[in-house]
Each structure stands twice: as structure tokens, then as C-alpha cells.
1. Given the condition in the same structural domain as residue 4 (by TED's automatic domain parsing), surrounded by 11 or more Cβ atoms within 10 Å (Cβ to Cβ) and among the charged types (D, E, K, R), answer yes or no: does some residue in region 82-100 qualify?
2. Could you check region 38-73 and list, in sequence order, the residues that are closer than 17 Å to residue 113 by Cα, of a type outside the set (A, V, I, L, M) and surrounded by 15 or more Cβ atoms within 10 Å (Cβ to Cβ)?
3. Quick one: count up the residues across region 1-43 that are hydroxyl-bearing (Ser, Thr, Tyr) and in contact with a Lys or Arg (Cβ under 9 Å, 6 or more places away or on another chain).
4. Looking at region 51-82, which of its residues are in contact with a helix residue (DSSP H, G or I) (Cβ under 7 Å, 6 or more places away or on another chain) and not hydrophobic (A, V, I, L, M, F, W, C)?
5. Kindly check whether there is at least one residue in region 41-60 that is in a helix (DSSP H, G or I), among the aromatic types (Phe, Trp, Tyr) and either outside the structural domain of residue 124 (by TED's automatic domain parsing) or free of Cβ contacts under 8 Å to residues at least 40 places away in the same chain (or both).
6. Can you tell me which residues in region 17-46 are among the hydrophobic types (A, V, I, L, M, F, W, C) and within 10 Å of the chain's Cα centre (by Cα)?
7. Could you figure out which of (1) in a helix (DSSP H, G or I); (2) of a type in the set (Val, Ile, Thr); (3) under 14 Å from the mean Cα position of the chain (by Cα) isn't true of residue 9?
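The values are calculated or read from the model by the stated rules, or taken from the named source; none is laboratory data. What you see is a predicted model, and the numbers here were worked out from it, not measured in a lab. Ideal geometry is used to build each Cβ from the backbone, glycine not excepted, and the neighbour counts take in all protein chains shown.
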Amino acid sequence: MNFASVRIITADIKPLVRFYEQVTGRSITHYTEDFAELHTPTATLAIASTRTLQLFGGDNVAKPADNHSAIIEFRVDDVDAEYGKLVDILGEMVIQKPTTMPWGNRSLLFRDPDGNLVNFFTPLSTSPGEI
């Protein structure tokens with residue numbers, strides 16, 4: 001089994017797509033006006049409108065802008081450099097400026113326009129068994 005993607009459901013796909021293109025520096029593939037994907041070498045971030053919920057059983061399957069338990073994480077080469085590039089874009093969406101965590105990652109925590117938590121992190125040392 002391989003972990004493939006995380007999907008964010010949003011009421012307005014365009015601002016979220018623009019935001020993730022800005023912060024990642026990657027182009028997002030638009031399949032329809034209701035569905036887009038950000039592809040990375042290890043996983044995909046899918047962004048879908050609430051209209052897609054009908055395909056999964058109705059509007060009550062997921063609620064946009066209501067995430068209180070998940071953090072979307074991106075491993076970056078230099079979290080401090082990323083913060084320097086994004087500080088003006090992120091503004092008040094920054095929750096925690098780059099900080100060294102007890103488990104050895106340097107981490108920047110911020111929110112996307114829907115309020116989802118996003119973590120950019122850089123491991124400070126290689127852990128045994130890390131690929």
C-alpha cells in the first residue's frame with residue numbers, strides 16, 4: 001500500500017489553488033473547475049469544491065474550512081529561507097515562525113485561506129533508517 005494524497009474540500013477552489021501555487025512555487029493541474037491537484041514526488045494534494053461531495057454521498061460527507069485535527073505538511077530544503085520568501089504573503093496566517101522542534105525538525109506553521117494548518121519543515125539531522 002502507498003499513501004497517495006490528501007484532499008481538501010473547499011467552498012471556493014480558486015483562492016485555495018492560488019495560495020498553494022504561491023507557497024509551494026509549483027503549478028497545480030486543473031482537471032475541472034471543481035478539482036485540481038498539486039503533484040510532488042512523494043504525494044499529491046488534491047483540492048476539490050463542495051460540489052464534488054455529491055459523488056461521495058452528499059453535502060454532509062465533509063465540511064469546508066472546518067478542519068481541527070490535521071496538518072498538511074511539506075518537507076522543504078530550508079524552512080528559514082521559505083519563511084523569508086513567504087512572510088509577506090502569509091502575514092497574519094503564521095501560527096509559529098520557524099522553530100526547532102524537540103524531535104529534530106525546524107518547522108514553520110501557518111494556515112491556508114480556509115484555515116487548514118500547513119507545516120513547512122526541514123529535518124535538522126538524518127534519523128536512522130531515513131530514506
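1. Of all residues in region 82-100, those in the same structural domain as residue 4 (by TED's automatic domain parsing) come to none.
No, region 82-100 contains no residue that is in the same structural domain as residue 4 (by TED's automatic domain parsing), surrounded by 11 or more Cβ atoms within 10 Å (Cβ to Cβ) and among the charged types (D, E, K, R).
2. Correct list: 49, 50, 64, 67, 73.
3. So the first thing to find is which residues in region 1-43 are hydroxyl-bearing (Ser, Thr, Tyr), and the list is 5, 10, 20, 24, 27, 29, 31-32, 40, 42.
Next, from what is left, pick out any that are in contact with a Lys or Arg (Cβ under 9 Å, 6 or more places away or on another chain): 20, 40, 42.
Residues that pass the stated criteria total 3.
4. Across region 51-82, the qualifying residues are 59, 64.
5. The first filter runs over region 41-60 and keeps only residues in a helix (DSSP H, G or I), leaving 50-56, 59-60.
When the remaining residues are screened for being among the aromatic types (Phe, Trp, Tyr), the result is 56.
With either outside the structural domain of residue 124 (by TED's automatic domain parsing) or free of Cβ contacts under 8 Å to residues at least 40 places away in the same chain (or both) added as a condition, the list becomes 56.
Yes, region 41-60 has at least one match.
6. Looking only at region 17-46, we keep the residues that are among the hydrophobic types (A, V, I, L, M, F, W, C), and these are 17, 19, 23, 28, 35-36, 38, 43, 45-46.
The answer is 19, 23, 38, 45, 46.
7. (1)
Yes or no, residue by residue, for (1) touching a residue at least 12 places away in the same chain (Cβ under 8 Å); (2) closer than 22 Å to residue 14 by Cα; (3) acidic (Asp, Glu):
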position: 62; (1), (2), (3): yes, yes, no
position: 92; (1), (2), (3): no, yes, yes
position: 97; (1), (2), (3): yes, no, no
position: 112; (1), (2), (3): yes, yes, yes
